[in-house]
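The values are calculated or read from the model by the stated rules, or taken from the named source; none is laboratory data. Since this is a predicted model, take the numbers as computed values, not measurements. FYI the Cβ positions are ideal-geometry reconstructions off the backbone, even for glycines, and counts take in every protein chain you see. To get the accessible areas, we keep the full protein, side chains included, count just its heavy atoms, and leave off ligands, DNA and RNA. Shrake-Rupley method; radii C 1.70, N 1.55, O 1.52, S 1.80 Å.
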Amino acid sequence: MRTGLVLEGGGMRGLFSAGVMDVMLENDVQVDGVVGVSAGACFGCNYVSRQIGRALRYNINMTHEPRYMGWRPLLSEGNIMGGEFAYHTLPDELDPFDKKTFAGNPTEFHVVCTDVYTGAPIYKRLQAPVDYEFMEWIRASSALPLVSKPVAVGGKLMLDGGMSDSIPLKYFQEQGFERNIVILTQPKGFKKKRTKLMPLFKTFMRKYPAIIDAMNNRHIMYNGQLDYLAQEEKAGRIIVVAPEDTLPIGRTEQNVEKMKVVYQMGREAGLRLLEKIK
């Protein structure tokens, strides 16, 4: 029986997931596969490379680096996250991603992106070598619409995977992962509403009508996935780890104290459920 770890996105809310994963790593909880969406992809790779604390550390260290995230990369290159700096310079030079440990770990690592022309999810298993293209897949999974340019990789043009498959549990079950831990970045009981940004999508994403449709219907897809999670949890096939309350941080917020609080909330949730997870 194969076990999996399913990671929702949510930008800086993903530090909650990082806290849970660090508790799992500290207690030698191993799974056979990880699938991450957006921030879940960015932070989930550290679980496979077994780098405890890395996600929190580099986000804190980069708060005063204008090339990392914010207005400078958005105005200079059209990306809220610096494409070259955040996904290549940082993991290659400044806070190195442990490519050797990743390559030697048998745990599978998958990411989810969204095809800008079809609006459909694109799933990719990322394997060694951890090269430029590997990181571009993670960038594509995390490329927020409206504040990121589509990423061309693997013969596709893609944006954030959360638009088409926010919580890819069914995908992982179809890959043979029968028992899964699902880490959410919204509290249980949360229901997504239709985005209020639809006028902006219709204006600025008019080249990609499938993306407009995906965003218009995203709340329906997401809430349906929450219903499926409840069904699978009741059946005992999954464990859901979720914040007890709404996480006190914005998607792109760079407040160090809030980062620490959210990460600690994840650690506390991981510790509460540790024996059940084991």
Subject >> When residues of the range 114-137 are limited to those that are open to solvent by 20 Å² or more (accessible area, probe 1.4 Å) and of a type in the set (A, V, I, L, M, F, W, C), the one nearest to residue 163 (Cα to Cα) >> reply: 120
Subject >> Checking residue 66 against (1) of a type outside the set (Val, Ile, Thr); (2) in a loop (DSSP other than H, G, I, E, B); (3) buried (at least 24 other Cβ atoms within 10 Å of the Cβ), the condition it does not meet >> reply: (3)
**OP:** Would you confirm whether any residue within the range 200-220 is farther than 17 Å from residue 146 by Cβ, among the charged types (D, E, K, R) and in a helix (DSSP H, G or I)?
**Re:** no
Original post:
Quick check: is even one residue across the range 17-29 open to solvent by 20 Å² or more (accessible area, probe 1.4 Å) and either touching an Asp or Glu at 6+ places or on another chain (Cβ under 7 Å) or among the polar types (S, T, N, Q) (or both)?
Top reply: yes
Original post:
Among all residue pairs at least 6 apart or on different chains, which show Cβ distances below 9 Å where the first residue, located in the range 180-208, is at negative phi and the second is part of a loop (DSSP other than H, G, I, E, B) and among the basic types (Lys, Arg)?
Top reply: 180/237; 186/192
Original post:
Is there any pair with a first residue in the range 85-103 that is part of a loop (DSSP other than H, G, I, E, B) and a second that is open to solvent by 70 Å² or more (accessible area, probe 1.4 Å) whose Cβ atoms are under 9 Å apart and which are 6 or more apart or on different chains, and what are they?
Top reply: 95/57; 95/61; 98/50
Original post:
On the given criteria, is residue 69 in contact with a strand residue (DSSP E or B) (Cβ under 6 Å, 6 or more places away or on another chain), of a type in the set (A, V, I, L, M) and more than 25 Å from residue 264 (Cβ to Cβ)?
Top reply: no
Original post:
Can you tell which of 257, 244 is at pLDDT 95 or above, in a loop (DSSP other than H, G, I, E, B) and either closer than 23 Å to residue 157 by Cα or open to solvent by 60 Å² or more (accessible area, probe 1.4 Å) (or both)?
Top reply: 244
Subject >> Search result, residues across the range 242-257 that are touching a residue at least 60 places away in the same chain (Cβ under 8 Å) and under 17 Å from residue 186 (Cβ atoms) >> reply: 243, 246, 247, 249, 250, 251, 252, 253
Original post:
Do you know which residues across the range 69-88 are of a type in the set (Asp, Glu) and more than 15 Å from residue 137 (Cα to Cα)?
Top reply: 77
Original post:
Any chance the range 83-103 includes a residue that's over 25 Å from residue 262 (Cα atoms), acidic (Asp, Glu) and touching a strand residue (DSSP E or B) at 6+ places or on another chain (Cβ under 6 Å)?
Top reply: no
Original post:
Residues in the range 165-180: is at least one within 15 Å of residue 35 (Cβ to Cβ), part of a helix (DSSP H, G or I) and open to solvent by less than 10 Å² (accessible area, probe 1.4 Å)?
Top reply: yes
Original post:
What single numbered condition from (1) open to solvent by less than 30 Å² (accessible area, probe 1.4 Å); (2) assigned to a loop (DSSP other than H, G, I, E, B); (3) without any contact (Cβ under 8 Å) to a residue 60 or more places away in the chain fails to hold for residue 239?
Top reply: (2)
